[in-house]
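**Student:** After the structure tokens below, expect a handful of questions from me.
Just so it is clear, none of the values below were taken in a lab; they were calculated from the coordinates. Keep in mind that this is a model prediction, so the values were computed, not measured. Heads up, the Cβs are rebuilt from the backbone with ideal geometry, glycines too, and the neighbour counts pull from every protein chain shown.
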Amino acid sequence: MLFRQLARPRSLRSARSLSDAAHKKCWSCGATNDASSLFCKADDCGRIQDVDAKSVNYFRMFDLPKSSFNIDLKELETQFKNMQKLLHPDKFATKSISEKNFSSSASSMVNQAYQVLRSPMDRVNYILMSRFNINILDETSMTIKDPVLMNEMFILRETASEITTKEEMSSFIADRHRELKRLGAILDGLMDKYDEAERQQPAADPVLAARFKLKEEIQETAVRMKYLSKVVMEMEKRLDELS
């Protein structure tokens, strides 16, 4: 019974169904589109859509394979630039007031989504907020509780403070970025396992217990990434000041 109480609330299940699998009808031709599509996919339509920010999945908006940490940033940038061209005000100069408003809202949404996904920790936070309503960037609750991790971060900061040359700084940053990518792969793997556990029906207590454990591991991994990212940003700032 305990794990049934700890299972994800109905409200969060609904939030996930909206962001990951919702569909909507085109206001112009009636074709069914993904809720994250900015334009109607019907070949004979292609009109700008009235997109609800609450139903949008940023990854799907940019046609990225799935919601994951390790994404192709070059592909993200390419998709972003393509969308900027499609949403340029000049393309809607002769359109209706509604379509002009739709394009303006979509442009703001695309800019916000791009800024979130291009930032490693904003990307992690978006994934966890979308799936579990966990704000990993919350400094009041998402702190280090594991004494081993706390000691690791202390040693890492001590090591960082002793670095003085540009070469050492660059090497330190590169090593930490590789570590962040490794942790990101672990996070993606845990999310996949959680998805698999969630698909198991009926959800007996052992399955719910497994989900709860996976959720804890996901959160712990994200917290580790957050603090590692902070150390990297501090070192990057020091390197910029020397340049």
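**Student:** Please give the charge dipole size of the chain, origin at the Cα centre, charges +1 on K and R Cβ atoms and -1 on D and E Cβ atoms. Round to the nearest 20 debye. Walk me through the intermediate numbers first.
**Tutor:** Numbers: 38 positive and 36 negative charges, 182 e Å.
Its charge dipole is roughly 880 debye.
**Student:** Dipole size in debye (nearest 20) for the range 147-242 around its Cα centre, Lys and Arg Cβ +1, Asp and Glu Cβ -1?
**Tutor:** Working: 16 positive and 20 negative charges, 29 e Å.
Taking the Cα centre of the range 147-242 as origin, the dipole is about 140 debye.
**Student:** Another question, if that's okay. At a Cα cut-off below 18 Å, give the lysines reachable from Lys100, other chains included and same-chain residues fewer than 8 away excluded.
**Tutor:** Lys85, Lys91
**Student:** Pull out a ≥ b ≥ c, the square roots of the eigenvalues of the alpha-carbon gyration tensor of the range 54-179, then state rounded if a/c is under 1.5, prolate if not and a/b is larger than b/c, and oblate in the remaining case. Show your work: numbers first, answer last.
**Tutor:** Details: a/c = 3.18, a/b = 2.00, b/c = 1.59.
Because a/c hits 1.5 or more and a/b exceeds b/c, the range 54-179 counts as prolate.
**Student:** I'd like the orientation of helix 147-161 relative to the chain: the angle between its Cα long axis and the longest Cα principal axis, in ° from 0 to 90, rounded to 10.
**Tutor:** Here the helix axis deviates by roughly 80 degrees.
**Student:** I would also like to ask the following. By how many degrees, 0 to 90 and rounded to 10, does the Cα axis of helix 97-118 deviate from the longest principal axis of the chain?
**Tutor:** 20 degrees
**Student:** Across 5 Å bins from 0, what is the distribution of all Cα-Cα pair distances for the chain, in whole percents?
**Tutor:** Reading upward from the zero bin: 1, 6, 11, 14, 15, 14, 12, 10, 8, 5, 3, 1, 0.
**Student:** Could I ask something else about it? Taking one equal scatterer on every alpha-carbon of the range 111-243, how large is log10 of I(q)/I(0) by Debye at q = 0.18 1/Å?
**Tutor:** -1.06
**Student:** Find the lysine pairs in the range 158-243 meeting two conditions, Cα atoms under 30 Å apart and a separation of 8 or more places or different chains, and report how many there are.
**Tutor:** So the count of such lysine pairs works out to 19.
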